[in-house]
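The values are calculated or read from the model by the stated rules, or taken from the named source; none is laboratory data. As the structure is a prediction and not an experimental result, all values here were calculated from the model. Cβ sites come from the backbone with ideal geometry, for glycine too, and all protein chains shown count toward neighbours. Quick note on the areas: whole protein, heavy atoms, side chains included, nothing else; ligands and nucleic acids left out. Shrake-Rupley method; radii C 1.70, N 1.55, O 1.52, S 1.80 Å.
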Amino acid sequence: MTITLHNTLTRKKEPFVPIDPANVRMYLCGPTVYDRAHLGNARPVLVFDVLYRLLRHTYGADHVTYVRNFTDVDDKINATALAHQQAGAPGTLEDLVAERTDETIAWYHADMDALGALRPDHEPRATEYIAQMVAMIDGLIKDGYAYENEGHVLFRVRKYSEYGALSGRSVDDMIAGARVEVAPYKEDPMDFVLWKPSSDDLPGWDSPWGRGRPGWHIECSAMAYELLGDRFDIHGGGNDLQFPHHENEIAQSKCAGHGFANVWLHNEMLQVEGKKMSKSLGNFFTVRDLLEDGVPGEVIRFVMLATHYRKPMDWTEKKREESSKTLMDWLHVLKKHGYTPKMVKQLKAEGQWSGDGELLGTLSNDLNTPGALARMHVLAKARTAEGLVPLAHALELLGLVADWSLVDLTPSQDVKMADWVPAVIDRLIEERGAARAAKNWGEADRLRDLLNSAGVQVTDIGGSATWAPGPDFDPAKLEGLT
RNA sequence: GGCGAGUUGGCGGAGUGGUGACGCAGCGGAUUGCAAAUCCGUGAACAGGGGUUCGAUUCCCCUACUCGCCUCCA
C-alpha cells in the first residue's frame with residue numbers, strides 16, 4: 001500500500017518513499033512545557049499519532065522511529081517560574097523552572113495518553129542537548145552563516161539563498177511588511193537568534209559566547225540530527241510553525257551541511273464554535289478541562305479525526321455529541337456480536353485480525369481520516385462477528401479503542417452513578433411494567449415520561465423493558481423518589 | 001501589508017473529467033397500546049463569472065466571501 005502525503009515544500013501530494021524502509025524516521029515539534037496542553041496542542045499530536053500508527057502498520061512496528069521534543073528552555077517558562085517565585089514559592093529560579101517543566105511534562109503525558117496517543121520512541125528535552133546545539137552554532141559561525149554580537153549569536157539569513165522556500169516568502173517582502181524585530185545587535189532585521197545571554201538568575205549554560213541559552217529554533221535542528229541522522233523522512237507540526245520556526249530550522253540545518261527532512265507536513269489550526277481559540281475570546285480550554293467535564297479521550301480523538309488535518313478543525317458541542325453517539329453505536333454493535341478482550345485476542349492469534357483494504361487505502365491517501373470514519377459506518381453494517389473484524393481492526397488502528405475491555409462496558413457502567421439511582425430506576429420500571437400489564441396506559445406513560453425527563457432511555461423489547469442512561473442523563477431529577 | 005487555505009444538500013464532511021460517498025437531522029414504512037430504541041426505504045448540494053473539453057462539481061483564470069499564519073497562545 002503506497003502512502004501519499006501532502007508535502008508543504010512542493011505544495012503537492014506525493015507518494016511517500018522512505019529513505020530506509022527498515023527505519024522510517026519522523027520528527028514532530030513538541031510542546032513548550034510551561035502549562036497544561038490546550039485543545040489546539042492536541043491536534044498535531046493526534047494527526048501524527050495516526051501517521052505513526054499507519055507507518056507502523058505499513059512498514060512494521062519496529063521499523064519506524066518517531067521523535068517528539070519537549071522545549072524546556074524558553075522565556076515563557078522562565079516567566080512562569082518567576083511568577084511562582086514572586087508568589088512566594090521557595091527555591092532558586094532555576095529550581096522552579098525545573099520543577100515546572102517536570103510537572104508539565106507529567107501532565108502532558110497523562111493528557112496525551114488519555115487521548116490514546118502512543119508515546120514517541122524518543123522524547124528529547126532541549127536542555128539535554130545544549131552541547132550539541134553549541135557545537136552546531138559554533139560550526140555555523142566558522143562557516144560564516146552566523147555571527148556573534150553583544151553576547152548574542154545570530155543566523156545570517158542573507159547567507160542562505162533558499163530562505164523562505166518552505167513558507168513561500170521572500171526576505172525583502174517580509175522586511176517590507178515590517179513585522180520583524182529590529183535590534184542593534186542584528187546585521188539584518190531578518191536575522192534570528194541562535195544563542196542569547198542569560199542573566200545570573202535565569203537558566204544558562206557556559207558557551208564560547210558567555211553564559212547564555214539557546215534560541216528557540218536551534219534545538220529541533222540539533223535533536224533531529226542527533227536522533228534521526230543527517231537526513232530523515234518526515235518533519236511536521238502546526239502550520240503556525242511553518243514560519244518562522246520551520247523555515248529557520250531548515251536554514252540552520254542545511255547550512256550546517258545536514259540533509260534534514262524530505263517531507264514537511266503541517267496541520268491546520270483548531271477553532272472553537274467557529275472562532276479562533278484564544279485566551280482573549282474566553283473560549284480557551286485545555287485537554288484536561290474536557291476530560292474533567294466527562295468527555296472521554298476517545299471522543300475527543302474521534303472529533304479530531306473527523307476533520308482532515310489540512311483543514312481548519314472546528315470543535316463544537318454538536319460534533320462532540322455526534323461523535324460520542326457514533327462511537328457508542330459501534331461499540332454496541334461489537335458487543336452485541338460477542339466482542340470481548342478475550343475474543344479479540346483469539347481472533348488475532350488465529351490470524352483472523354485483518355483490516356479493510358478500502359479503509360487502508362483511504363487512510364494512506366494523505367491521512368484521510370474523515371474518509372476512513374465514513375468507511376467505518378459501512379463496515380459497521382456487518383451483522384456477523386467475523387464480518388465486523390474490519391471495523392474492530394480500524395477502531396484499533398485509529399487508536400479509538402486502546403483497550404478492548406471498553407467494549408465490555410454496558411452503557412450503565414459508562415456513567416458513574418450513586419447506588420440509589422439504579423434502585424430507583426429499577427423500581428419505576430417495575431411499576432410501569434405493572435401498569436402496562438393492567439393496561440393502565442396513563443400511569444405507564446407518566447412513569448416513562450418521568451424517566452425520560454431524567455435522561456433515562458427506556459427500551460421496550462417484547463413484554464419487558466430495559467434501561468440505559470441517555471446523553472442527557474441527570475439522576476438528580478429522580479432524587480426524592482427513594 | 002506579506003503568505004497560505006477554504007467555499008459541496010438543513011447541518012457535518014469525503015471524493016471524482018462522464019452512472020452525484022458517508023453520518024446526523026427530515027420524510028415514508030416495519031415494529032409498538034401510543035411512543036422511544038431498533039430495522040428497512042427515501043428526497044436533497046458542488047459560491048459567482050469566464051475558459052479548456054464531446055462533456056467539469058472535479059483542470060485553468062478572474063471576482064466575491066470566509067478563515068488562518070506572520071504577534072504571548074500550536
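With contacts defined as alpha carbon pairs under 8 Å and 6 or more residues apart, what's the relative contact order of chain A in percent?
Working: 697 pairs, mean separation 73.6, N = 482.
Relative contact order, chain A: 15 percent.
Computed over the stretch A:414-478, relative contact order equals 29 percent, with contacts defined as Cα pairs under 8 Å that lie 6+ residues apart.
How much FRET efficiency would the formula 1/(1 + (r/R0)^6) give for A:Arg119 and A:Glu14, where r is the Cβ-Cβ distance and R0 is 30 Å, rounded to 0.05?
0.60
Taking 7 Å steps out from each Cα toward its Cβ at A:Glu99 and A:Ala83 produces label points 1.6 nm apart. In terms of its C-alpha gyration tensor, the stretch A:4-267 comes out oblate, because a/c is 1.5 or above while a/b does not outweigh b/c.
Within the shell of other residues whose beta carbon sits under 10 angstrom from the beta carbon of A:Gln85, the net charge comes to -2, with Lys and Arg scored +1 and Asp and Glu -1. The gain in end-to-end length when the A:Leu291 to A:Asp206 segment is fully stretched comes to 26.4 nm, 0.36 nm per residue minus the alpha carbon separation.
Tell me, what is the percent relative contact order of the stretch A:141-241, built from C-alpha pairs under 8 Å that lie six or more residues apart? Here the relative contact order equals 22 percent.
Amide H contacts under 5 Å for A:Gln457: A:Ala468, A:Gly470, restricted to partners 5 or more places along the chain or on a different chain, H placed in the peptide plane at 1.01 Å from N. Each of A:Ala374 and A:Arg36 was given a label point 7 Å from its Cα along the Cα-to-Cβ line. The distance between the two points is 3.6 nm.
If a spin label sat at a point 7 angstrom from the Cα of A:Ala22 along the line to its beta carbon, the backbone N atoms of the stretch A:50-77 nearer than 12 Å would be those of A:63.
Listed by chain and number, the lysines placed with their C-alpha closer than 22 angstrom to that of A:Lys336 are A:Lys325, A:Lys345, A:Lys348, A:Lys381; residues fewer than eight positions away on the same chain are left out.
The modelled label-to-label distance for the pair A:Asn365/A:Ala183, using points 7 Å beyond Cα in the direction of Cβ, is 4.8 nm. Per residue, the accessible area of chain A comes to 46 Å², computed with a 1.4 Å probe over protein heavy atoms only. Can you tell me the 0 to 90 degree angle between the C-alpha axis of helix A:130-142 and the longest principal axis of chain A, rounded to 10? It works out to around 40 degrees. In order along the stretch A:432-446, the phi-based Karplus estimate (6.51 cos²θ - 1.76 cosθ + 1.60, θ = phi - 60°) of 3J(HN,Hα) comes to 5, x, 5, 5, 5, 4, 8, 6, 8, 4, x, 5, 4, 6, 4 Hz; Gly and Pro are listed as x. The order of A:Tyr339, A:Tyr129, A:Tyr225 by accessible area, most exposed first and with a 1.4 Å probe, is A:Tyr225, A:Tyr129, A:Tyr339.
Give me the lysines in straight-line cross-link reach of A:Lys279: C-alpha distance below 27 Å, same-chain residues under 8 apart excluded. Qualifying lysines at Cα under 27 Å: A:Lys76, A:Lys311, A:Lys318, A:Lys319. Estimated at 0.36 nm per residue, the fully extended path between A:Asp472 and A:Thr340 surpasses their Cα-Cα distance by 44.8 nm. Our note on the geometry: Cα centres of the stretch A:357-412 and the stretch A:298-353, 6 Å apart.
Atom-type composition of the exposed protein surface of chain A places 50 percent of the accessible area on carbon and sulfur (1.4 angstrom probe).
Taking only the Cα atoms of chain A, the radius of gyration and Dmax are 27.1, 95 Å. Oblate is the label for the stretch A:95-138, because a/c, from the alpha-carbon gyration tensor with a ≥ b ≥ c as root eigenvalues, is 1.5 or above and a/b does not exceed b/c.
Based solely on its DSSP helices, what 222 nm [θ] is calculated for chain A when runs of n ≥ 4 H residues each add -39,500 (n - 2.57) and the sum is averaged over all residues, nearest 500 deg cm²/dmol?
On the way: 18 runs with 206 residues, N = 482.
It lands at -13000 deg cm²/dmol.
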